[in-house]
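The values are calculated or read from the model by the stated rules, or taken from the named source; none is laboratory data. Note that this is a predicted model, so its numbers are computed, not measured. Note that we place each Cβ from the backbone using ideal geometry, even for glycine, and neighbour counts take in every protein chain shown. What goes into the accessible areas is simple: the full protein's heavy atoms, side chains included, and nothing from ligands, DNA or RNA. Shrake-Rupley method; radii C 1.70, N 1.55, O 1.52, S 1.80 Å.
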Amino acid sequence: MKNKSYVIGLIVIIVVFGFLTFRMVSKKIQSNTVIDEDRHRVAAEEYVEMKTIGKAPEFSFTDQNGETITNKDYEGKVYVAEFFFTTCPSICPIMNRNMIKVQDHFLTNDDFAIASFSIDPEHDTPEVLKKYAEGYGVVNENWHFLTGKGQNEVFDLANTGFNIYVGEGDASNGGFEHSGLFALIDKKGNIVSRLDENGNPIIYYDGLKEEELQKLITDIGIELKK
């Protein structure tokens, strides 16, 4: 009988404790509060370490609206830079369809911007770029399609300034060669990226791969909160 009373008492304690714990958790959920230990645990699970690669280069170009846009117009904003051309028959359409997804994800955030540099400035006039942007559904006022300088200056900006390869190519590639990489620049004008599984910066994001696109979106969100 003594053992039976002990077991019954233990069961009562467990039930009461469980009920009180449930009520406490319910109240915190309803009031949208989180226990500090839980908050730290969740933050640790979602933490992505970002690395500064170097300062983004200075530039001054004309956008699709005929306005002069410089790197100073991007100060205080997180932005993504790419190099493309409107008559590209291969990777550019994929890149800019993916960039539209990035645009749409941060559509209501005025601190996010995009810089798309044309590597074919002779053909890609502001008028051509405006029509191109409209065709892709560009609505972010901070997405500038940039042209107006000589080819050598654009190539230098890409190859030396951003260290993203562009060059002349054969006719089958539209006359140009270039990578499908996106550069992420923080609010201070630094090129930044996440670290890979070995602790090395990935430096650039592959604009052709869906998994890389999701990493970029995540990392933009991290930089916007800083």
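Take every Cα pair under 8 Å in segment 125-226 that's 6+ residues apart, average their separations, divide by the length, and report that relative contact order as a whole percent.
Numbers: 85 pairs, mean separation 15.0, N = 102.
RCO, segment 125-226: 15 percent.
How much net charge surrounds residue 200 when only other residues with a Cβ under 13 Å from its Cβ are counted (Lys, Arg +1; Asp, Glu -1)?
Taking every other residue near residue 200 into account, the sum is -1.
Set the Förster distance to 35 Å, then compute FRET efficiency between residue 209 and residue 131 from the Cβ-Cβ distance, nearest 0.05.
Working: r = 28 Å, r/R0 = 0.80.
Here the calculated transfer efficiency is 0.80.
Which percent of Cα pairs goes in each bin when the distances of segment 125-226 are cut into 5 angstrom slices starting at zero?
2, 10, 14, 20, 24, 17, 9, 3, 1, 0
Using the crude model of +1 on Lys and Arg Cβ and -1 on Asp and Glu Cβ, and no other charge, please compute the dipole size for segment 45-136 relative to its Cα centre, in debye to 20. Present the calculation step by step, with values, prior to reporting the outcome.
Numbers: 8 positive and 17 negative charges, 34 e Å.
Around 160 debye, computed over segment 45-136.
Run through segment 75-148 and list the GluC sites (Glu not before Pro) located in a DSSP loop whose Cβ has at most 12 other Cβ atoms within 10 Å. Don't jump to the answer; show the numbers that get you there.
On the way: sites: 75, 82, 122, 127, 134, 141; in loops: 75, 122, 141.
Counting only loop positions with at most 12 other Cβ atoms within 10 Å, the GluC sites (Glu not before Pro) in segment 75-148 are 75, 122, 141.
Taking a probe of 1.4 angstrom, what is the accessible area of residue 156 in Å², to the nearest 10?
Counting only protein heavy atoms, residue 156 exposes about 90 Å² to solvent.
Order 68, 87, 125, most accessible first, counting only protein heavy atoms with a 1.4 angstrom probe.
Details: 68 95, 87 70, 125 45 Å².
So, going from the largest accessible area down, we get 68, 87, 125.
Counting Lys +1, Arg +1, Asp -1, Glu -1, what net charge surrounds residue 179 among other residues with beta carbon under 11 Å of its beta carbon? List each step's numbers first, then the result.
Working: positive: none; negative: 82, 177, 206.
Local charge sum for residue 179: -3.
Keeping all protein chains in position, work out how much accessible area residue 94 exposes to a 1.4 Å probe, and write it in Å² to the nearest 10.
Surface accessible to solvent at residue 94 totals approximately 60 Å².
Using 0.36 nm per residue of separation minus the Cα-Cα distance, give me the extension gain between residue 47 and residue 226 in nm, one decimal. Don't skip to the end; give the middle numbers.
Numbers: separation 179, 0.36 × 179 = 64.44 nm, distance 1.35 nm.
Stretched fully, the residue 47-residue 226 segment lengthens by 63.1 nm.
Which pairs break 22 Å Cα to Cα here: 101/209; 101/149; 131/225; 130/209?
Working: 101/209 12 Å; 101/149 28 Å; 131/225 33 Å; 130/209 26 Å.
In this structure, 101/149; 131/225; 130/209 exceed 22 Å between Cα atoms.
Over segment 92-226, give the accessible area per residue in Å² for a 1.4 Å probe, as an integer. Don't skip to the end; give the middle numbers.
Numbers: 6400 Å² over 135 residues.
So segment 92-226 comes to 47 Å² accessible per residue, rounded to a whole number.
Need the list of aspartates and glutamates near residue 226 for cross-linking: C-alpha distance under 15 angstrom, and skip anything on the same chain fewer than eight residues off.
List returned: 49, 75, 110, 111, 186.
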